[in-house]
1. Within a Cβ distance under 13 Å of M810, other residues only, what is the Lys/Arg minus Asp/Glu net charge?
2. Can you compute the equivalent ellipsoid semi-axes for the stretch 509-640, i.e. the square root of 5 times each eigenvalue of the Cα gyration tensor, sorted largest first and rounded to whole Å?
3. So if I take the alpha carbon set of the stretch 763-855, get Rg, then get Rh from the Kirkwood formula, what is the Rg over Rh ratio?
4. Count charges around A124 for me, please; just the other residues with Cβ under 14 Å from its Cβ, Lys/Arg as +1, Asp/Glu as -1.
5. What's the local net charge at L569, with K and R +1, D and E -1, over the other residues with C-beta under 14 Å away?
6. Any idea what diffusion coefficient the stretch 49-88 gets from Stokes-Einstein, in µm²/s, Kirkwood Rh on alpha carbon pairs, 25 °C, 0.890 mPa s?
7. Taking 0.36 nm per residue of separation and subtracting the Cα-Cα distance, what length does fully extending A235 through Y788 add?
8. Expected output is a single nm value to one decimal: the length gained when fully extending between L299 and R534, i.e. 0.36 nm times separation in residues minus the C-alpha distance. What is it?
Amino acid sequence: MPELSRARSAETSAPVVRSPRRRALLLAGVAGCLIAVLSVVDMFLPKAFDGVVPDQYSTGGIVVRDLVPGGAAEAAGLKPGDVILGIGHRMLNRAVDAPPELRRHRIGESVTYLVKRGGRMFEASVVLTPFRLGSYSYFYFAFLGTLFFALGTFVVSRRPEDPAVGVFYLLCVLFMLFFVCRLRPASYYWIDYFVQVAGTLALFLLPAVFLHFFLLFPRKKVLHFADRAPGEPAAPALLRALQKILNGSPLLFVVLYTLPPALYVVQMGTHDGGPRRLIYGAPTLNWIVLADYLILGLLALAHSFWTNDDPAARRPILVLLLGTLAGILPFVVFAVYFPSFFRDERYLALGVVPMALIPLTFAYAIVKFRVFDVEVIVRKSIVYGVLTAVVTGLYALAVVLGNAVVSAFSSTSLYSSPAFAVLFGLLVVLLFDPVRRRGQRVVDRLFFRDRADFQAALLDMSRSVVAQVERPKIRELLTTKTADLLRLESLDLLFPRPEDGAFSDGRSDGRPALPMGSRLPQLIGKGAAPLRLRDLDPGSLDEASWRFVDSERRRGVQVLVPVATRGKLLGLLAVGPKRSEQELTDEDLDHLMTIANQGALGLEAAGLHEELTRRAEMERDLEIARDIQVSLFPRRLPEVPGVEFFGVSRPARVVGGDFYDFLEVDGGPGGRLGLVLGDVSGKSIPAALLMVAAKEIVYARAMSDPDPATVFREANRRLYEIKRRMFVSLAYFLFDPKSLTFRYAFGGQPAPLLLRGGTAAAAEIPSPKNRLPLGAFRDVAYDAATLYLSPGDLLLFYTDGLNEAMAADMTAYGEERLKASLVRHGSLPLPEVADELLEDIRQFTHGAEQYDDQTFVLMRVTGR
C-alpha cells in the first residue's frame, strides 16, 4: 500500500502533458460552450421584434418561415410563406439585412413592410414589440444541452486519452450545440445567424459522430463476415474489401463525415428560388440522414450486446441500449419523420423531451457499472438528503391532497370531522420513516457497496500478506480471502513447479500448466499489469500459451494478474468473474494489482525466511562436518628421528575438500611412514565426505600393500564407483627413514618443491609418468618414482590452493613466487616457515576472497 501511495503522488506531481488530440478536444469544448452561452443569453435579451421567424438562407427577400403566435407580424396579417421585400425605406435581399433597419426604430413604433404573397405585393403596418425569444421549451433545450455537455466533460476529464471517450465528448458537445443553437427560435439579428450556422454544422457532424462512437464503444467494432473458415474457399474480393472498409478503413469515416454536408450543398445549390421545406432551418433530407445514422448507431450497439459472451459486460450495454432507444426513437418519429412527411411540427416536443434519457442513462451506467472505467463516488449524505427532500415533498403533497379531499366532502360528518384530519396526518407521518428507510436501502443497493469497510479490509489483508512468512497461509490470503473481499466467484494462484518451472495450481484436475518459457508469461512479465484474456490476440501467442488461455476461459477466468517483484515473475493470479456479474473494473484490477504486489513481497519474504532457515540448518551441518573433518586431520605429527614435520590446512569455506594424513605402514617407530595429501573436486559437505572416503580407501589399501602405484590403481577404481562426477587429486609418499628415500605417486596434484641443503634454489621433484586424478577414469596404469634425500633438505608438499591463490585482478600467485618464498624463509623453524609462506600469499592477494583450500605439509631432514 505505501508503494501505491507513493506512485500515485508521483503521478499527481508530474507535469501534465496534453497531446494534440486532447488539446483539440479541449478547444472544441470551450468554443462550443461559448457559442451555447451566447445563444442562451441572446434568447433572453429584449429586442424590437416583429414576430417573424425568417429563413436565414433565403435570397431575393426574407422568406417568412413561421410566425410567433400573437406577435406583431401575425397581428399585421402576415402569413408563413410570405416574402418581405422591404422594411421602412430599405429594400432587403437577405435576413441579415433586416437588423440594421430594425435597430433604427424604437419599440412600439409602427413600421411599413413591403410584402410579396404569391403574385401580388402589398404593404403592411407592423408595430414593433419588446420580445424575448426565450420560452419554456427553449429553456428545456438549453437544460438538455447543458446536461450533455456536463456529462461529456466529466467523462473526458477522467479518461482523456481513450479514443471512444474523445468521440463521446465531441458527441456531447454537438448535442449541446444542436439543442441550444439549432432548435432556438430564429430572428433577424447577427447573433442568431452566427449560432444558427454553428447549430447547422453540429447537425451535419452529429449523426456521423453518433455512429462513429458506437463503432468504438464498448469495444472497437470488428466484423468477420468475410473471414475464411478452415477448409473453406476465400470470400469474394468485394466482400473482403467491404469488411476491410467497415473495420476501420479511413475511407469509411471519410464517407460518414462528408455525406451530410454534401447533401446540404446539393440541396441548397439546386433550389429554384421557391419556398424550401425546412425543419428548424435545415433541409428535410439532412434530417432523414440524421435519423438513419442514429438508427445505424443503435444497431451497432445492439450488435455489441448480442455478440458479447460476458454476462457482466452485457448488462451495462443493455441499459445503455434501452436508454438510448427510449431517447432516439421518439426523436426520429416525432422530430424527423412527422415534420418531413406530414408537414406538421406540432409534435416535435414529443421527440425532443425523451432525449434527456440518453445523458441520464449514461450517467446511471457510469455510477452503477463504471462505464468508460470511470468511477463516481457519490456521497451518502447528499443522496440521503435528496431522498429525504423527495419523501418530504410527497408527504406535503399527501397532506394537501388530504385537505382537498376533506374540503370536497365537507358536507359529510366523517370527512368534516377534525379527528379525520388528525388521523390522516398521523398516518402520513407514520408512513414517512418506513418509506424513507426503504428508499435508503434501494439507494444503498444501487450506488454503495460499503466502500469504507472494503478499504479497511483491503488494507488489513495487505498488511497480513506482507507480515506472513508461511507460503500456504500467503496462498490462502491471496486466493480465498481476496475472492471473498472482492466478491469473486473464483481466484487461483499459479506457482512455478519445481521440476520444470511451469505455472500450475498444484492440482491434478487436468488443468494445463503454462510453461515458463512460453509467450504468455513474457507478455505478462513485460507489461507488469493485469491482462484481460478477452483482449489477447491468438496470433501473438504460441500454441502452449493459447492452449492454456483457452482452458482458462472455459473455467471462467477473465484476467491474469502478475505476482512479481523486481522483474521476477513469482506467480499468476487467475481471476474469475464477480458474483454480481458486473464487469471487472479498473478499480477492481487496481485492488488485485495492489494485493498481488503485496503478495509478491510476502512470497519474497517467505522465500528469504526459508532460505535463512535452510542456511542456518546448513551452517549447523557444516559446523558438525567441520568438527568431523578437523578430527580426521592428524592430532599430532609423527615423531621420526632426524625428520621434522609441520602441516597446515585452511579451507576456503566452512568445510574444505583438502586433506593430509600420516600412515604408519610398518606399525611402529622407525618403520616406513606414509604421507597422503589430497584435494577433492568441489567444496562443502559432498567434498568433505569424498575426502573421508578417499582417505579411508588409501589407508586400507596401504595397510596390505604400501606400494604407491598399487595403492593408486586400487583406490582409483573404488573412487570411480563411488562418484563418477567427482574426482580426487591425490599424492601418496612412502618415506623410509632408514634409507632417507621417498617412493611416491601422485595424480592431479602439483609436484612438491625441494630445497636442498646448502643451495639457494627450490625445484620440483621428478614426476611419475601418469598423473591423472583418481576417480576420473575407471582403469588407469599408475606408476611410482623414487627420491633420495640428504640432511638439510626441505620439502614442501602442497595442494593447488597455494600456487593458484588469486589477487583481486585475477593474477595467480604462481609457482615461481612460491619457490622464492620457500627459499627466502627456508632457514626458519617450520612453524615460522608456514606463517611466512601464508603471509606472502596474503600480501599478494591483498586479502581477496579465495575459492580454493590452502593445504601444505613441510618436511625437513635434520639428520640428528
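The values are calculated or read from the model by the stated rules, or taken from the named source; none is laboratory data. The structure presented is a predicted model; accordingly, all values stated were derived computationally and were not measured. Note that each Cβ is placed from the backbone with ideal geometry, even for glycine, and that neighbours are counted across all protein chains shown. Please note that ligands, DNA and RNA were not included when accessible areas were found on the heavy atoms of the full protein model with its side chains. Shrake-Rupley method; radii C 1.70, N 1.55, O 1.52, S 1.80 Å.
1. Net local charge, M810 excluded: -3.
2. 49, 18, 12
3. Working: Rg = 15.8 Å, Rh = 15.4 Å.
Using only Cα positions, Rg/Rh for the stretch 763-855 is 1.03.
4. Working: positive: K79, K116, R117, R120; negative: D50, E74, D82, E123.
Summing Lys and Arg as +1 and Asp and Glu as -1 gives 0.
5. Working: positive: R497, R519, K526, R566, K568; negative: E604.
Result for the neighbourhood of L569: +4.
6. On the way: Rh = 10.1 Å.
Calculated translational D: 243 µm²/s.
7. Stretched out fully, the A235 to Y788 stretch lengthens by 189.3 nm.
8. Gain on stretching L299 to R534: 82.3 nm.
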